[in-house]
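Any read-out appearing in this document is the output of simple, stated calculations on the displayed coordinates, not a laboratory observation. Note that this is a predicted model, so its numbers are computed, not measured. Every residue, glycine as well, gets a Cβ built from its backbone with ideal geometry; the counts of neighbours run over all protein chains shown.
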Amino acid sequence: MHRPGDAMLESRPGVFSGVGNRSERTEAGMMGETATLVGSYEVGDVVPDFGLPALSGGTARLSEYRGGPVLIFFTATWCPYCGAEAPYLEQEIWQRYRTRDLQVICIDVKENAGIMGPFVERYAWTFPVLMDDDGEVSMRFAPVKEGLPPEVAVINAHFLLDGDGVVRYRDFLNMERFDAKASHVRDFLDGFLGTEE
């Protein structure tokens, strides 16, 4: 199901994203090859609630963030693209848009707090970091890419959910056109959230 405004979504250099039939859509993607985007939530899908341990302690649930837009991104400390993007996420995404009620959630894929903690400290992230130790939640968001495990295919993906939990935007890593500043995400957020008064 697609909603008004979905037409705003378009393929941008550096990402593969978009709308369309799961079984038919293919787009330029990881490693410059063609990826069939099946298995992942599409624009227009409602993401069901899930809970994950928070790096800061306790358990966080997606439903706690309902009511406003939420940007979820997936990372791992071993991913050089994630490391390149990491310095920009705090200021260029979280601090820039939090006054417009955007929540940002990082999901660390299949690592433990002992590994992720120093990474978060290094980049001074203040948004929630959730630990998907077994990769079960991340697999729900991962595209199916032949020869690529889901926990790798989802790394450096970004999903924007609206206040009802509906996917309004998504993108996946394109190694050939990678943009460390995630300008494609910021461009969409500017259009979706509007400019500041």
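Computed over neighbours whose Cβ is under 14 Å from that of residue 134, the net charge equals -4, Lys and Arg +1, Asp and Glu -1. Taking each residue as 0.36 nm, the span from residue 183 to residue 136 lengthens on full extension beyond its C-alpha to C-alpha distance by 14.1 nm. Amide H contacts for residue 60 (H built 1.01 Å from N in the peptide plane; partners 5 or more residues away or on another chain; cut-off under 5 Å): 52, 54. Label sites at residue 193 and residue 46, each approximated as a point 7 angstrom past Cα along Cα to Cβ, lie 2.5 nm apart. Our coupling estimate for the range 53-68, obtained by passing each phi through the Karplus curve with A = 6.51, B = -1.76, C = 1.60 and θ = phi - 60°, is x, 8, 4, 7, x, x, 10, 10, 10, 4, 4, 5, 9, 4, x, x Hz, Gly and Pro reported as x.
The C-alpha radius of gyration of the range 32-186, expressed as a fraction of 2.2 N^0.38 Å, stands at 0.96. Legend: ranking of residues 181, 145 from fewest to most surrounding C-beta atoms inside 10 Å; resulting order 181, 145.
Just to verify a number: FRET efficiency for residue 101 and residue 63, C-beta to C-beta distance, R0 = 25 Å, to 0.05? After rounding to 0.05, the efficiency reads 0.90. Using a simple spin-label model with pseudo-atoms 7 Å out from Cα toward Cβ, residue 56 and residue 122 lie 2.2 nm apart.
Remark: the range 134-149, residue by residue, has Karplus-estimated 3J(HN,Hα) of 9, x, 5, 5, 4, 4, 5, 9, 6, x, 8, 10, 3, x, 10, x Hz, where x stands for each Gly or Pro and the curve is 6.51 cos²θ - 1.76 cosθ + 1.60 at θ = phi - 60°. Maximal additional length on extending the residue 78-residue 175 stretch stands at 33.4 nm, based on 0.36 nm per residue less the C-alpha distance.
Shape summary: the range 120-197 maps onto an equivalent ellipsoid whose semi-axes, from the alpha-carbon gyration tensor, are 23, 17, 15 Å in decreasing order.
Of the peptides 171-179, 152-160, 45-53, the ranking by mean beta-carbon count within 10 Å, highest at the top, reads 152-160, 171-179, 45-53.
Each residue of the range 169-183 was assigned a 3J(HN,Hα) from its phi angle through the Karplus expression (A = 6.51, B = -1.76, C = 1.60, θ = phi - 60°), giving 7, 8, 8, 10, 4, 10, 5, 7, 10, 4, 10, 4, 7, 6, 5 Hz with x at Gly and Pro. Less than 5 angstrom separates the built amide H of residue 40 from those of 144, all sequence-distant by 5 or more or on a different chain. Only beta bridges with both residues in the range 43-132 are counted; by DSSP, about 30 percent of them are antiparallel.
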